[in-house]
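Below is one structure, written out as structure tokens; the observations come after it.
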């Protein structure tokens with residue numbers, strides 16, 4: 001398959017993930033729409049083209065790992081894994097309800113395909129670093145991908161993990177920074193700015209850094225991952241400049257961290273996502 005065909009397939013996959021993530025959150029009526037929407041294209045690239053996974057054997061030892069340290073983006077993960085065949089998609093429509101296997105933050109003991117439990121911000125970074133070290137010690141040729149938020153990067157635990165990963169030359173580790181510029185209480189710059197930028201911080205910690213101008217463009221994300229694979233002796237940080245709430249009609253304009261729209265707003269958002277999926281698929 002030529003690259004152009006691959007990229008079109010990834011655009012279709014991303015549009016379908018966005019639609020299903022909205023349906024998943026919509027089944028509850030409220031939730032973390034903003035941060036789920038901004039990572040859709042990166043998840044499409046990973047699970048659509050890059051990662052070695054087996055839906056029939058989620059604990060396959062030689063698989064690639066994906067750790068959603070910003071665990072509130074769980075609905076985007078659930079949509080992705082459901083579309084990959086880890087479970088029937090409809091199961092995720094029990095999001096955050098009693099006795100569900102799909103809590104609002106990802107839990108490896110409940111959901112097939114979730115590699116590590118996350119939610120308390122910063123902790124997923126440390127867990128991913130440990131997984132990368134363990135896999136390297138076992139001489140596995142796999143990779144560990146971890147997503148952190150730009151707001152999450154306020155946590156000191158992120159930087160303890162970053163220092164450790166660089167020291168041990170974990171070139172099987174790729175950290176995506178979802179730089180959507182917003183966090184719970186406002187813009188990142190207003191709440192806790194990152195000085196010269198998160199890329200500069202990771203560079204200072206000894207990481208290979210790749211800046212993606214449009215983190216909601218599958219081709220740019222794909223090219224960045226391929227460049228990360230070429231880097232030896234260093235972990236790679238890929239800074240994704242994204243839009244919080246991307247593609248959700250009620251969330252993208254405000255960049256809200258969490259949303260509780262009306263039924264009419266949900267219907268409008270899902271209809272718009274369905275139309276976008278059909279448009280991209282027809283290209």
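Rule-based calculations on the coordinates, nothing more; no lab input. Here the structure is a predicted model, which is why all the values come from computation and not from measurement. Backbone-built Cβ (ideal geometry, glycine too); neighbour counts: all protein chains shown.
Compared with the dominant principal axis of the Cα atoms in the chain, helix 218-230 is inclined by about 20°. The Cα atoms of segment 167-283 give a gyration tensor whose axes a ≥ b ≥ c have a/c of 1.5 or more with a/b no greater than b/c, which makes the shape oblate.
What is the ratio of the Cα radius of gyration of segment 197-237 to 2.2 N^0.38 Å, with N the residue count, to two decimals?
Working: Rg = 10.5 Å, N = 41, 2.2 N^0.38 = 9.0 Å.
That ratio works out to 1.16.
Please determine, in degrees from 0 to 90 and to the nearest 10, the orientation of helix 123-137 with respect to the longest principal axis defined by the Cα atoms of the chain, where the helix direction is its Cα long axis. The angle comes out near 50 degrees. Distance from a point 7 Å along Cα→Cβ of residue 184 to each backbone N in segment 46-86: keep the residues under 12 Å and list them by number. Of the residues in segment 46-86, 72 have backbone N under 12 Å from the label point off residue 184.
Going by C-beta contacts inside 10 Å, put 148, 238, 270 in order with the fewest on the left.
Going from least to most buried by this count: 270, 238, 148.
Among the DSSP beta bridges whose two residues both lie in segment 3-281, what percent are antiparallel, rounded to the nearest 5?
Numbers: 3 of 24 bridges.
So the antiparallel bridges amount to about 10 percent of the total.
Among 104, 69, 38, the order by Cβ neighbours within 10 angstrom, fewest to most, reads 104, 69, 38. Note on segment 72-141: along the principal axes its Cα atoms extend 38, 26, 18 Å, ordered by decreasing extent. Just checking the listed ones, 71, 195, 48: in the Gaussian network model of the chain with Cα springs under 10 Å, the one fluctuating most is 195.
With contributions of -39500 (n - 2.57) from each DSSP H run of at least four residues, the per-residue ellipticity at 222 nm computed over the chain stands at -13000 deg cm²/dmol. Cα-based values for segment 3-281, radius of gyration first and Dmax second, are 17.3, 53 Å. Could you let me know the centre-to-centre spacing of segment 137-179 and segment 239-283, using Cα atoms, in angstrom? First find each Cα centre; the distance between them is then 29 Å. Roughly what angle does helix 263-281 make with the longest principal axis of the chain, taking Cα atoms, 0 to 90 degrees, to the nearest 10? In the chain, helix 263-281 runs at an angle near 70 degrees to the longest axis.
Looking at the square roots a ≥ b ≥ c of the eigenvalues of the Cα gyration tensor of segment 102-252, which shape do they give, rounded for a/c under 1.5, prolate if a/b is larger than b/c, or oblate? Could you put the intermediate results ahead of the total?
Working: a/c = 1.45, a/b = 1.24, b/c = 1.17.
Rounded is the answer for segment 102-252, as its axis ratio a/c remains below 1.5.
Within the listed set 266, 60, 159, the residue fluctuating most in the Gaussian network model of the chain (springs between alpha-carbon atoms under 10 angstrom) is 60.
Give the shape of segment 1-145 as rounded, prolate or oblate, defined through the alpha-carbon gyration tensor: a ≥ b ≥ c are the square roots of its eigenvalues, a/c under 1.5 means rounded, and otherwise the shape is prolate if a/b is larger than b/c and oblate if not.
Details: a/c = 1.68, a/b = 1.14, b/c = 1.48.
Oblate, since a/c reaches 1.5 and b/c is not below a/b.
Order these by the 10 Å Cβ neighbour count, fewest first: 93, 168, 47.
By the 10 Å Cβ count, ascending, the order reads 168, 93, 47.
The base-10 log of I(q)/I(0) for segment 80-188, evaluated at q = 0.15, 0.20, 0.22 Å⁻¹, reads -0.76, -1.13, -1.20 [Debye formula, identical scatterers on Cα atoms, solvent excluded].
Relative contact order of the chain: what whole-number percent is it, with Cα pairs under 8 angstrom and at least 6 residues apart? Relative contact order comes out at 23 percent. Simple spin-label estimate for residue 213 and residue 281 gives 3.2 nm between the two label positions (7 Å along the Cα-to-Cβ direction from each Cα). When the chain is treated as a GNM with alpha-carbon contacts under 10 Å, the residue of 231, 175, 66 showing the greatest mean-square fluctuation is 231.
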